[in-house]
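The values are calculated or read from the model by the stated rules, or taken from the named source; none is laboratory data. The structure displayed is predicted, hence computed values, not measured ones. Neighbour counts run over all protein chains shown; Cβ positions are idealised from the backbone, glycine included. Just so you know, the surface numbers come from the protein's heavy atoms only, side chains and all, with ligands and any DNA or RNA stripped out. Shrake-Rupley method; radii C 1.70, N 1.55, O 1.52, S 1.80 Å.
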Amino acid sequence: MATNQNLKDIQWVLVAIKSQSLSLHNISFYLCQPGSGCYQETENSMNINISKDSLSYFSELLSVLGSTDKACSQSCLRNLEFHRVEWDIQQLRSLGVLLESNSNIKQIIFRRNRLSRECMYELSEILKRNRVIKEIVFAESALGYVGAELLASALKVNDSLEEFQIWEDSIGSRGAEELSKMIEVNSTLKLLTIFDSNAITATPLISAVLARNRTMEVHVWSGENGEKSSKVVEFVPENSTLRIYKLDVSGACRVSCALGWNSTVKSLDMTGVQLKSRWAKEFRWVLEQNQSLREVNLSKTCLKDKGVVYVAAGLFKNKRLESLYLDGNWFGGVGVEHLVCPLSRFSTLQNQANITLKALTLGGGRTKIGRDGLAAILQFLTTNETVTRLGIYDDESLRSDDFAKIFRSLQRNASLRYLSLQGCKGVQGELVLQTIMETLQVNPWIEEINLARTPLQNSGKADGIHQRLGQNGKVEPEMDMDTIKDMPLTVPKSCRVFFCGQEYAGKTTLCNSVSQNFSTSKLPYIDQVRTIVNPVEQAVRTVGMKIKTFKDEDTKISIWNLGGQHEFYSLHDLMFPGHGSASFFLIISSLFRKPSNREPKTPIEIEEDLQYWLRFIVSNSRRAVQQCMLPNVTIVLTHHDKITQPSPNLQAAVNSIQSLRDKFQGFVDFYPTVFTVDARSSASVSKLTHHLRMTSKTILQRVPRIYQLCNDLIQILSDWRSENYNKPAMKWKEFDELCQVKVPPLRIRSRHDNKEKSEMRRRAVATCLHHIGEMIYFDELGFLILDCEWFCGEILGQLIRLDVRKQSSAERNGFISRKELEKILKGSLQSQIPGMSSKVFENLDASDLVKMMLKLELCYEQDPSDPNSLLLIPSILEEGRGKPQRWQLSSPECVYAGRHLECDDSSHMFLTPGFFPRLQASFAPLLSSTFNLFSFSFLPFKF
């Protein structure tokens with residue numbers, strides 16, 4: 001009954017529209033029906049059926065809709081749909097009037113319509129004038145290339161249409177070419193959907209979209225020779241993915257040409273498309289020029305050796321691609337050799353040509369890797385430092401001993417995380433199983449090995465491998481694991497760069513230039529000016545270690561500029577990174593003896609400078625608690641701008657650096673490139689800045705994971721500082737309160753909770769933040785330093801230079817009372833510039849500073865059991881670099897003894913300067929009780 005009530009005749013519709021009693025949003029016209037009438041689906045939607053005998057009603061309805069009061073029509077009608085309409089000129093003109101009078105119509109659909117050339121021309125003119133319609137659909141309307149040409153001419157002018165669809169119309173290649181010309185002009189179209197009997201129509205359309213960098217969603221379908229319709233190509237700008245399902249070689253080449261300067265496609269998938277070397281030759285140029293492609297899938301594309309050689313050649317210059325899938329192709333050992341060549345190094349001085357590719361797959365039943373291909377893969381796995389995912393699929397050419405060699409080569413690889421050998425026939429037997437287990441004992445970085453469909457997996461022998469992989473993923477800090485085992489781990493986001501070098505090396509100038517490179521694109525203009533020129537900062541420049549921090553996307557990079565003066569060398573020991581923290585080193589050496597003259601250093605002098613710091617790094621690294629990777633070292637030679645012509649000294653210096661690389665092989669991980677820069681020029685150090693960015697990201701992926709809470713607490717502590725007037729330090733009690741309020745995983749939830757467990761978890765997180773350089777925290781001190789730059793510059797730099805002899809008459813041969821030291825600290829650390837206050841004693845007590853000095857071994861207690869014990873300050877005993885110690889006492893009761901100390905491996909390590917004051921303090925109780933000595937010293941020796 002309800003259905004019959006919704007049926008109305010045409011006359012009723014006409015009257016209702018004229019009287020404006022209907023509020024219709026959607027009207028669908030169905031012509032050539034058995035009978036006339038209308039059916040109101042909803043109160044806003046109506047279907048109007050018109051028989052062949054009542055066609056005049058169609059024209060009348062269009063006229064009535066176009067002449068209705070604008071105020072009403074503009075607020076109602078949204079969509080029009082026409083089925084089986086054979087249009088004449090008058091009807092098109094009535095439609096034009098309707099569209100001009102109603103500014104709310106957004107969608108028009110033509111299904112199985114017939115439009116003559118004249119009608120198409122009229123419709124084209126309507127579209128040229130219209131500025132409201134958002135979507136037009138033509139389905140089975142036999143537009144042909146003429147209709148496509150006329151519509152294209154209209155859309156060159158129209159700037160409002162966003163969706164354009166043509167379904168099951170043979171517009172042909174000529175029509176597609178016309179639409180491609182329209183795409184070159186029209187920048188407002190958001191969706192283009194084409195169905196055509198010939199797949200060739202896709203080529204000009206998608207090529208135009210790519211070449212003009214249109215953010216236009218494209219779907220092209222075809223159904224050739226009566227076959228089931230299938231998609232030819234699609235481009236979805238939301239995820240920046242271009243998927244090509246089928247194109248001939250000529251069309252694929254044209255699409256490649258369009259990709260050369262494209263910036264909208266990040267992922268290209270051509271799986272299953274048959275390609276030839278002709279296409280690969282064009283694609284090489286794409287890889288060399290394109291700056292946006294991140295992923296390329298060429299699986300099962302029938303590429304042979306020649307084609308893969310072209311792809312590999314493109315990788316040499318490509319700086320953006322991260323994933324390349326080439327499994328299921330037909331190439332052999334020659335193709336494999338060329339493919340991994342840009343990802344490998346063949347000497348210590350050679351750069352790895354491509355450092356951006358992270359994932360690579362190859363293999364397949366028709367891929368013959370062979371002996372030469374295996375040798376290339378082994379070299380690649382041994383030397384590559386960037387690829388994290390490798391897949392060799394369904395290989396039938398490698399034997400079990402070949403796969404054993406592959407796993408042995410992984411023992412020296414620190415970058416690969418995921419290895420897939422699924423379907424490889426040679427992964428079988430005890431030899432492969434034993435080699436895999438041995439590799440996992442040595443290499444802790446591999447997270448997953450996929451052995452699906454391999455004989456080893458099918459035989460059930462891979463369970464031990466998976467168990468071992470689970471153990472490799474564990475990080476065990478030095479405390480009760482039951483207390484912190486449920487704390488999730490994540491990749492750290494902070495990396496430290498240590499600038500090492502002698503006096504006049506230009507470390508501070510270089511740091512400022514690097515700062516400009518980071519700041520230019522990251523900071524507002526006023527902050528850039530502040531970074532480049534800050535007169536007050538220059539006037540009150542602090543002594544000691546200087547720290548600059550930058551933000552690179554989600555990575556925090558801090559540069560720790562170690563002082564080159566000899567008095568800071570012991571400080572270097574104290575702040576040296578350990579525990580697997582994310583850090584690497586720049587050893588900076590000037591090509592000239594002093595910046596004020598042009599007297600060049602000899603190669604021997606440069607070698608001595610570099611060797612000192614290499615031995616320093618190796619010495620400290622060996623004492624790190626958790627040395628999970630070799631120290632990463634980059635060498636920088638400054639004042640290169642003063643060299644006006646090729647210098648034999650420079651070449652000799654490069655040769656000496658090479659000898660150092662050979663000497664320290666296995667002790668440090670050298671970056672192959674030696675940077676020569678003008679430290680004053682931000683342009684000159686731009687490549688070095690890029691290197692800092694890339695190396696930081698690599699290091700962060702290699703080091704052990706940290707507690708997830710650490711990354712959360714970094715922001716929470718930053719917010720706390722903002723709310724507390726930017727305080728650089730906080731008491732442990734304040735940290736406890738912050739954890740209780742802001743950090744649910746560290747919260748004590750009831751009085752029955754195990755408080756000791758919560759306290760241990762908080763200390764574990766604070767210790768982790770200390771190890772990664774986000775704060776300075778020692779368990780016994782009861783406070784946390786949140787501003788490392790402030791502490792190292794304003795406090796430690798002055799503590800290490802503290803001259804007690806000038807400020808105290810009570811000083812006796814290196815020993816001083818605790819109260820006297822506190823008094824001296826208060827006088828020394830106050831700001832020396834009128835009008836500027838120091839934050840030291842606003843945040844720390846003098847007694848806190850004494851505790852810090854004791855912890856950092858800048859002073860020592862004569863008798864730790866006595867709270868009033870005198871303190872020994874070894875720096876009082878120092879007379880200066882290269883000068884003999886001045887003995888404080890000269891009497892018959894004194895006996896002096898000396899001992900030359902040296903490391904077992906003195907060619908790579910030495911006892912660093914900071915070692916000797918500690919040794920002095922360690923011997924103090926023994927010497928004072930046995931010989932009644934208060935002053936003692938070690939004769940200096942040449943490193």
Worksheet item: Are there any pairs with C-beta distances below 8 angstrom linking a residue in segment 852-864 that is open to solvent by 40 Å² or more (accessible area, probe 1.4 Å) to a residue that is of a type in the set (Gly, Ala, Ser) and at pLDDT below 75, with the two at least 6 apart or on different chains, and if so which?
Response: Glu857/Gly914; Glu857/Ala921; Gln862/Ala924; Gln862/Ser928
Worksheet entry | Residue satisfying all of: in segment 221-234; out of contact with any Ser or Thr (no Cβ under 7 Å at 6 or more places or on another chain) and either part of a strand (DSSP E or B) or within 14 Å of Asn262 (Cβ to Cβ) (or both); modelled with the lowest pLDDT among these | Lys231
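Residue-by-condition table, conditions (1) within 30 Å of Gln291 (Cα to Cα); (2) assigned to a loop (DSSP other than H, G, I, E, B):
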{"site": "Ser347", "(1), (2)": "yes, yes"}
{"site": "Gln352", "(1), (2)": "yes, yes"}
{"site": "Gly373", "(1), (2)": "yes, no"}
{"site": "Leu390", "(1), (2)": "yes, no"}
{"site": "Gln411", "(1), (2)": "no, no"}
{"site": "Lys425", "(1), (2)": "no, yes"}
{"site": "Val432", "(1), (2)": "no, no"}
Fill in: Number of the exception - Leu293 against (1) surrounded by fewer than 18 Cβ atoms within 10 Å (Cβ to Cβ); (2) assigned to a loop (DSSP other than H, G, I, E, B); (3) within 22 Å of the chain's Cα centre (by Cα)
(1)
Worksheet item: Is it true that Glu282 is closer than 26 Å to Gly370 by Cα and touching a helix residue (DSSP H, G or I) at 6+ places or on another chain (Cβ under 7 Å)?
Response: no
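Checking the conditions here, which among Val209, Val218 is within 16 Å of Leu268 (Cβ to Cβ), hydrophobic (A, V, I, L, M, F, W, C) and in a strand (DSSP E or B)? Even if it seems obvious, please write down each step before you answer.
On the way: Val209 fails: in a strand (DSSP E or B).
Exactly one of Val209, Val218 is within 16 Å of Leu268 (Cβ to Cβ), hydrophobic (A, V, I, L, M, F, W, C) and in a strand (DSSP E or B), namely Val218.
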Worksheet item: Taking segment 79-96 on its own, how many of its residues are open to solvent by 10 Å² or more (accessible area, probe 1.4 Å) and within 12 Å of Ile109 (Cβ to Cβ)?
Response: 3
Item to complete: Those residues that are open to solvent by less than 10 Å² (accessible area, probe 1.4 Å) and either out of contact with any Ser or Thr (no Cβ under 7 Å at 6 or more places or on another chain) or touching a residue at least 60 places away in the same chain (Cβ under 8 Å) (or both), I need them from segment 333-358; list them, please.
Response: Gly335, Val336, Leu339, Val340, Pro342, Leu343, Asn354
Discussion item. I'd like to know if segment 776-791 contains one or more residues that are more than 21 Å from Ile557 (Cα to Cα), at pLDDT 85 or above and open to solvent by 20 Å² or more (accessible area, probe 1.4 Å).
Written reply: no
Worksheet item: Which of the residues spanning segment 647-668 are in a strand (DSSP E or B) and open to solvent by less than 40 Å² (accessible area, probe 1.4 Å)?
Response: Val668
Fill in: So Gly307, is it over 16 Å from Thr383 (Cβ atoms) and in contact with a strand residue (DSSP E or B) (Cβ under 9 Å, 6 or more places away or on another chain)
no
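Can you tell me which residue among Val64, Val97, Val146 is at pLDDT below 90 and either under 27 Å from Phe195 (Cβ atoms) or assigned to a helix (DSSP H, G or I) (or both)?
The unique qualifying residue is Val64.
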Discussion item. So, in segment 254-281, exactly how many residues are open to solvent by 10 Å² or more (accessible area, probe 1.4 Å), within 17 Å of Leu242 (Cα to Cα) and not in a loop (DSSP other than H, G, I, E, B)?
Written reply: 5
Fill in: Residue that is most open to solvent (accessible area, probe 1.4 Å) [pool: residues in segment 718-732 that are of a type outside the set (Gly, Ala, Ser) and in a helix (DSSP H, G or I)]
Glu723
Worksheet item: Does Gln715 satisfy being closer than 13 Å to Ser494 by Cα, assigned to a helix (DSSP H, G or I) and at pLDDT below 85?
Response: no
Worksheet item: Hey, among the residues in segment 27-53 that are farther than 15 Å from Asn113 by Cα and of a type in the set (A, V, I, L, M), which one's surrounded by the most Cβ atoms within 10 Å (Cβ to Cβ)?
Response: Ile27
Worksheet item: Among all residue pairs at least 6 apart or on different chains, which show Cβ distances below 6 Å where the first residue, located in segment 640-655, is closer than 21 Å to Gly506 by Cα and the second is part of a helix (DSSP H, G or I) and at pLDDT 80 or above?
Response: Ala653/Pro603; Ala653/Ile606
